[in-house]
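Taken together, the values in this text are just the output of simple stated rules run on the coordinates, not laboratory data. Worth saying up front: this structure is predicted, and the values here are computed from it rather than measured. FYI the Cβ positions are ideal-geometry reconstructions off the backbone, even for glycines, and counts take in every protein chain you see.
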Amino acid sequence: MKLVTFVYNGHSRIGALTGDGSVVDLQRANPQLPGDMLALLAGGADTLALAQQAVASAPADAVLALASVTLQAPIPRPGKILCIGLNYRDHAAESNQPIPQFPTVFAKYNNTIVGPGAAIVLPTVTEKVDYEAEFAFVIGRTARNVKAEDALDYVAGYLPFNDVSARDYQMRTSQWTVGKTFDTFGPLGPALVTSDEIANPHDLDISLTINGEVLQSSNTSNLIFSVNELIADLTSFMTLEPGDIISTGTPSGVGSARKPQRWLRAGDVVAVTIEGLGTLENPVVAG
Ligand code: ZN
């Protein structure tokens, strides 16, 4: 399923995209289903199976034209947003950093999350706002001390993410948090694609364009730490819960490493595309 959160007639709902440009309102299709994504994911495999049935047998009044709804971030308020730095060999090289021995983990927060089509707002205090196309995964079951070989059983699904970063703020101290956590610096979506639809998460093309120009192009086969290894590492020290988002890092081609450097500008349209997961497109506006 391609799970979405959307607003229809002023109300936030969850649904599933169909192949023909419609969205099925899950709770309207089956009133037993929850009305928000975190509750749906917390219900686990049984609830997702119920959702799948609801999509297959949806009554006409539960099927909405995509054009009649406004998509939000699929998970508007996740419990955690963990990001992995320097997780593609080519990006570590362009950043003049060695291949890391352990995953570099940092956090973003809910204030950064915006959905597809929503604006990335340029702060007035920085002129060095950068883009990072990223492949993110979402936890579907409570996970602690998970072995790498079992880790994909804990993944609910996958989605595109843009780890927008103010490089001057990011680098002014050894901790990256401030440069990573401006409002709107976490575009997410368009849909959470459930893991049953992705045969191999480690062989997906990933790219980023600005105004149609390709600036990043890679494949998740180039990840240094795989989804399995990241879950094993993270759950060795913390509990991951349904709805937690882990973004796996960006490939080469970020604006700060280009010559000349390419910072986001008002009027740009940034698009992250991942094979099988769709395109996350966001306009950039002045703050
Ligand atoms: Zn990143």
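Output ³J(HN,Hα) for the range 72-77: one whole-Hz value per residue in order, computed from phi by the Karplus curve 6.51 cos²θ - 1.76 cosθ + 1.60 with θ = phi - 60°, and x for Gly and Pro.
Per residue, the Karplus-derived 3J(HN,Hα) values read 10, 4, x, 10, x, 9 Hz.
Near residue 259, which aspartates and glutamates are there with a Cα under 19 Å away, not counting those fewer than 8 places off in the same chain?
Result set, ordered by chain and number: 90, 94, 127, 130, 132, 168, 213, 268.
Treating each Cα of the range 1-94 as an identical point scatterer and ignoring solvent, apply the Debye formula and state log10 I(q)/I(0) at q = 0.16, 0.19, 0.22, 0.24 Å⁻¹.
Once normalised to I(0) and log-transformed, intensities are -0.65, -0.82, -1.04, -1.21.
Restricting to DSSP loop positions (anything but H, G, I, E, B) with no more than 15 other Cβ atoms inside 10 Å of their own Cβ, which trypsin sites (Lys or Arg not before Pro) remain in the range 212-278?
In loop regions of the range 212-278 (DSSP not H, G, I, E or B), the sparsely surrounded trypsin sites (Lys or Arg not before Pro) are 258, 265.
For the pair residue 147/residue 7, report the inter-label distance in nm, with labels modelled 7 Å from Cα in the Cβ direction.
With each label point 7 Å from Cα toward Cβ, the separation is 4.7 nm.
May I ask you to evaluate 6.51 cos²θ - 1.76 cosθ + 1.60, the Karplus curve with θ = phi - 60°, for each residue of the range 257-264 and list the ³J(HN,Hα) values in order in whole Hz, giving x for glycine and proline?
Calculated HN-Hα couplings, in order: 9, 7, 10, x, 5, 10, 8, 5 Hz.
Which trypsin sites (Lys or Arg not before Pro) in the range 42-108 sit in a loop by DSSP (not H, G, I, E or B) and have at most 11 other Cβ atoms within 10 Å of their own Cβ?
none
Give me the dipole magnitude in Debye, nearest 20, for the range 2-71 about the Cα centre, with unit charges on the beta carbon: positive for Lys and Arg, negative for Asp and Glu.
60 debye
With charges only on Cβ, +1 for K and R and -1 for D and E, what is the dipole size of the chain about its Cα centre, in debye, rounded to 20?
Result for the chain is approximately 740 debye, rounded to the nearest 20.
Sequence neighbours fewer than 8 away in the same chain don't count; with that in mind, list the aspartates and glutamates whose C-alpha is under 13 Å from residue 80.
Output for residue 80: 241, 244.
Work out how much length residue 101 to residue 119 would gain on full extension: take 0.36 nm times their residue separation and subtract the Cα-Cα distance, in nm to one decimal.
So the chain would gain 2.9 nm between residue 101 and residue 119.
Between residue 111 and residue 46, what length in nm is gained on full extension when 0.36 nm per residue of separation is reduced by their alpha carbon distance?
The span from residue 111 to residue 46 would gain 20.3 nm if fully extended.
Which percent of the Cα-Cα distances in the range 130-192 go past 18 Å?
52 percent
For the chain, build the charge dipole from Cβ charges (+1 Lys, Arg; -1 Asp, Glu) around the Cα centre, then report which of 19, 33, 209 sits farthest towards its positive end.
209
Please state the equivalent ellipsoid semi-axes for the chain: what are the square roots of 5 times the Cα gyration tensor eigenvalues, largest first, in whole Å?
Ellipsoid half-lengths, sorted descending, are 30, 22, 16 Å.
Given Cα pairs under 8 Å that are at least 6 residues apart, what percent is the relative contact order of the chain?
That works out to 24 percent.
Enter the angle in degrees (range 0 to 90, nearest 10) between the Cα long axis of helix 44-56 and the first principal axis of the Cα atoms of the chain, meaning the one along which they spread out most.
60 degrees
Name the residues whose placed amide hydrogens come within less than 5 Å of the amide hydrogen of residue 107, ignoring near sequence neighbours (fewer than 5 apart) on the same chain.
Here 83 satisfy the definition.
What residues have an amide H closer than 5 Å to that of residue 191, excluding those fewer than 5 places away on the same chain, when H is modeled at 1.01 Å from N in the peptide plane?
Long-range HN contacts for residue 191: none found.
What is the calculated FRET efficiency for residue 173 to residue 18, with r their C-beta to C-beta distance and R₀ = 41 Å, to the nearest 0.05?
Taking R0 as 41 Å, the efficiency between residue 173 and residue 18 is 0.30.
Short version: ³J(HN,Hα) in whole Hz for each residue of the range 120-129, in order, from phi by Karplus 6.51 cos²θ - 1.76 cosθ + 1.60 (θ = phi - 60°), x for Gly and Pro, what are they?
Coupling constants for the range 120-129: 8, 9, 6, x, 6, 7, 9, 10, 10, 8 Hz.
Collect residues whose amide H, placed 1.01 Å from N in the peptide plane, falls under 5 Å from the amide H of residue 86; neighbours closer than 5 in sequence don't count.
Amide H neighbours of residue 86: 250.
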